[in-house]
1. May I ask you to say which residue of 94, 101, 112 is assigned to a helix (DSSP H, G or I) and in contact with a Leu (Cβ under 9 Å, 6 or more places away or on another chain)?
2. Here are some residues: 132, 151, 136. Which one is crowded, with 17+ Cβ neighbours inside 10 Å and either more than 30 Å from residue 294 (Cβ to Cβ) or of a type in the set (Lys, Arg) (or both)?
3. Exactly one condition in (1) assigned to a helix (DSSP H, G or I); (2) modelled with pLDDT under 95; (3) more than 30 Å from residue 146 (Cβ to Cβ) is false for residue 186; which is it?
4. Can you name every residue in the stretch 410-444 that is of a type in the set (A, V, I, L, M, F, W, C) and without any contact (Cβ under 8 Å) to a residue 60 or more places away in the chain?
5. Go through the stretch 292-305 and give me each residue that's within 11 Å of residue 195 (Cα to Cα) and either open to solvent by less than 80 Å² (accessible area, probe 1.4 Å) or of a type in the set (A, V, I, L, M) (or both).
6. When residues of the stretch 268-291 are filtered for being surrounded by fewer than 15 Cβ atoms within 10 Å (Cβ to Cβ) and among the charged types (D, E, K, R), how many remain?
7. Kindly establish whether residue 387 is assigned to a helix (DSSP H, G or I), open to solvent by 10 Å² or more (accessible area, probe 1.4 Å), in contact with a helix residue (DSSP H, G or I) (Cβ under 8 Å, 6 or more places away or on another chain) and within 28 Å of residue 215 (Cβ to Cβ).
8. Just to be sure I understand, how many residues within the stretch 390-409 are farther than 24 Å from residue 336 by Cα and open to solvent by less than 10 Å² (accessible area, probe 1.4 Å)?
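The values are calculated or read from the model by the stated rules, or taken from the named source; none is laboratory data. What you see is a predicted model, and the numbers here were worked out from it, not measured in a lab. Here the Cβ positions follow ideal geometry from the backbone for every residue, glycine too, while neighbour counts run over all protein chains shown. We work out accessible area using only protein heavy atoms, side chains counted, and drop any ligands, DNA or RNA first. Shrake-Rupley method; radii C 1.70, N 1.55, O 1.52, S 1.80 Å.
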Amino acid sequence: MKNKDIESTLEYTLAKEQTIVYIYESVTKDYIYKTKEMEQFYEQIKDIVPSKSDFFINWFKGFVEVAKNNFDEAKKLYNCALDKVSVADEYTVAFLQQGFALFMYLSEKKAAEKFWNYGQKEGLFAKTDSKFFETFNPKEQFWVQFAPNMFVNKEEAFSMAIKDYKKKITDKVQIAIEKADFKKFSSAIKNIDLNTYKIAGISPLYYAIQFKGTLSSGKNKFIQDLVNIRTQQMLDNLDFSILPEAKLNECRITIFHQMRQTYEKSGLGEIMFSAYYAEESQIETAIKELNKIIKKLIEIIDDPNSFVMKLEGKMGTTALFLAAEIDDSETVKSLLDKGCDVNKFIGYAKFGMNYKDGKSIKTEVPNSLIYRLINFSSYKTLKMYLTDYSHLAKKSMTEKTEKCNITPLVYMILNTIYNSKNEAEYNEKKKILDSFIPLFQQAGSVLDENTAFGTAKELLGLK
C-alpha cells in the first residue's frame, strides 16, 4: 500500500489516537518530563496530528511549566492552547478545568473566565454567578487539578500546598486544640465557661476527642475516608436514574478510581492531613498533649454528656459515645470516673440478620455505650470496660424490651463470627470472641438467655 493509502485506514487513525492517549497519560499522570527530554514527544505530536499539534504542544508545555513552578510562562502557554481548543475533542474538559483552576489560583479571575465561558458555550459547564465564585475554593481546586506529585520540586510543592490548606482560625481555644498545645490551651480557657462554650457549634470536649480520633487513626484512614466521601458526593450530584444497574456500577467504580487518583496517588490527601492535623513525625507528641487537654476539659465541665451531636433521625452521640466509637479507652475511662451514665442511650438503631433459608429476623438496639463499643469493634475499650467497670455494665447485660429483643453478648456474636466473609476471617474473629465471652459473663451475661436470634449458647453451637 502507498503511504497515503495507509494513512487513510481506520487502523492508522486508531494508532494515532492511541499515541496521543499515551503521551497525554505520560505527561499528566506519569510525569515523564522529570526523567525524559520532552522535545521528542512534541515532535511526535507534530508528526501524528499536525492539525492539532499547536493545541497539544502548548497545553503540555504549559503543564510542564506549572510543574517547574514557572507560572508566568505557564499562563502564556495555556492561553495559546485556549486559542486552539476547538480541536481538543475529548480532552476539552480536562484542559479547560486546568486552565480555569490555574488562573483562579493566581487571582486572575477575568482570564480564568475565558476558560469557563468556552466550556459553557459548548454546553460542558454550567453558568456561573456570584454565588459560584463565593463558594469556589481556588486553592483547593488548583491542587486537585495539579497534583503535588507532578511538581519537579515535590518538596517545595508539598510546602506550598500545606500552607494553602492551613485553615485560618481565630478561636484561641480551637487553635490550642488543633496545635495540641496544653500550655496554650490552659491560657486560652481562662475566664471562659466551658459548660456553655462552643467551637463552631461543638463543645470543646467533643471537638478535642474528635480531633484526637482522626489524628490517632492516621493519614491512611483519613485519605480512605476522604476518597469514599468525595466519591459519594460526586454520585449524589449526578443523575443515574436512566442507567441500567451494570452501567451504574461501572460509573461508581470509575468515580471511585478518579477520587483515588485525586486524593491518594497524587499526594493531595497526605497534604490535607498534614495541614489539618499534623505531620507524621508530630502525631505521637500531639496525642500526648491532646490527652492532657481532654482530661482537663473532663475535670472542668460539670456534665460531659450534656452536649449531644445530632445524627440521623433521633440518633445522637455524646463525648462518651464518640470516645467509644474511636476506641479511645483512656478518654472513656476518664469519663466513666467522672460519673457518665453508661445506661444512657439516644435513640435506637435497626438491626437484623438474613439467613440462607430465606428467614429474616429484625430488632432494634439502643444507641448506648456497650452497643457502640461492639458495633465499632472498639475491642481495647470494650475489654477495659467489661474488666474494670463490670459493676456498671451489669444492668445492660440482660436488659431487654419488646422493641429491643437482643443482649450485648448476642449482638457481639452476630457482629463477629456471623459476619465473617470466609473461613480465615471466621477463625480470626472466633479467637477475639472467645477471649470476650468470660468477660461478658463476669459482667452478668447469661449464655442461655433467649433473644429474637436465639440464645448465645445456641449461636455458639454449645450443648
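1. 112
2. The conditions single out 151.
3. (2)
4. Correct list: 410, 412, 413, 417, 424, 432, 433, 436, 437, 439, 440, 443.
5. Residues satisfying the conditions are 297, 298, 300, 301, 303, 304, 305.
6. Qualifying residue count for the region: 4.
7. Details: assigned to a helix (DSSP H, G or I): yes; open to solvent by 10 Å² or more (accessible area, probe 1.4 Å): yes; in contact with a helix residue (DSSP H, G or I) (Cβ under 8 Å, 6 or more places away or on another chain): yes; within 28 Å of residue 215 (Cβ to Cβ): yes.
Yes, satisfied.
8. The first filter runs over the stretch 390-409 and keeps only residues farther than 24 Å from residue 336 by Cα, leaving 401-406.
Pick out the ones that are also open to solvent by less than 10 Å² (accessible area, probe 1.4 Å) and you get 404, 406.
Residues meeting the conditions: 2.
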